[in-house]
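Below is one structure; the comments refer to it alone.
The values are calculated or read from the model by the stated rules, or taken from the named source; none is laboratory data. What you are looking at is a predicted structure, and each value in this text was computed from that prediction instead of being measured. Because the Cβ atoms are built from the backbone with ideal geometry, glycine has one as well, and the counts that use them run over all protein chains shown. Just so you know, the surface numbers come from the protein's heavy atoms only, side chains and all, with ligands and any DNA or RNA stripped out. Shrake-Rupley method; radii C 1.70, N 1.55, O 1.52, S 1.80 Å.
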Amino acid sequence: MKALNLVRGEYIRVRKGQTLAAIAEAYGLPPRVVAAENGLTGEVSEGQILRLPRAEHNLYTVRGGESKTLLCGSPAAFERLNCTTRLYPGQKVFLAQK
């Protein structure tokens, strides 16, 4: 039988004055990943509990000419890891582990 690997994230409570971008930056995560993990469509509010996924992949800054396939092996893998279909230079993305 195959063993399951459980990935447990960390939970935090949003403090007064904190923003989604500042929280994500403090934990080394792209804001869109934190938003997707918590079903957010807007900014966070004081007292809100957020689940921060464990970053198990390398965070990388995209350079011109790179593709989803080059970075993650396939467009589907890129979109699953990074919670977006967009790719542009300067974007921070997770790379697939090899």
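Among Glu37, Glu79, which is the only one that is surrounded by 15 or more Cβ atoms within 10 Å (Cβ to Cβ) and modelled with pLDDT of 90 or more? I'd like the intermediate steps shown before the answer.
Working: Glu37 fails: modelled with pLDDT of 90 or more.
The conditions single out Glu79.
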Within the range 1-34, which residues are closer than 18 Å to Lys92 by Cβ, open to solvent by less than 50 Å² (accessible area, probe 1.4 Å) and either acidic (Asp, Glu) or at pLDDT below 85 (or both)?
Gly28
I'd like the full set of residues that are touching a Phe, Trp or Tyr at 6+ places or on another chain (Cβ under 8 Å) and modelled with pLDDT of 90 or more, limited to the range 40-52.
Ile49, Leu50, Arg51
Out of the residues in the range 53-76 that are modelled with pLDDT of 90 or more and part of a loop (DSSP other than H, G, I, E, B), which is most open to solvent (accessible area, probe 1.4 Å)?
Arg63
Going residue by residue through the range 41-49, is there one that turns out to be surrounded by 17 or more Cβ atoms within 10 Å (Cβ to Cβ) and within 27 Å of Tyr11 (Cβ to Cβ)?
yes
Within the range 35-52, the residues that are in a loop (DSSP other than H, G, I, E, B) and among the acidic types (Asp, Glu) are Glu43, Glu46
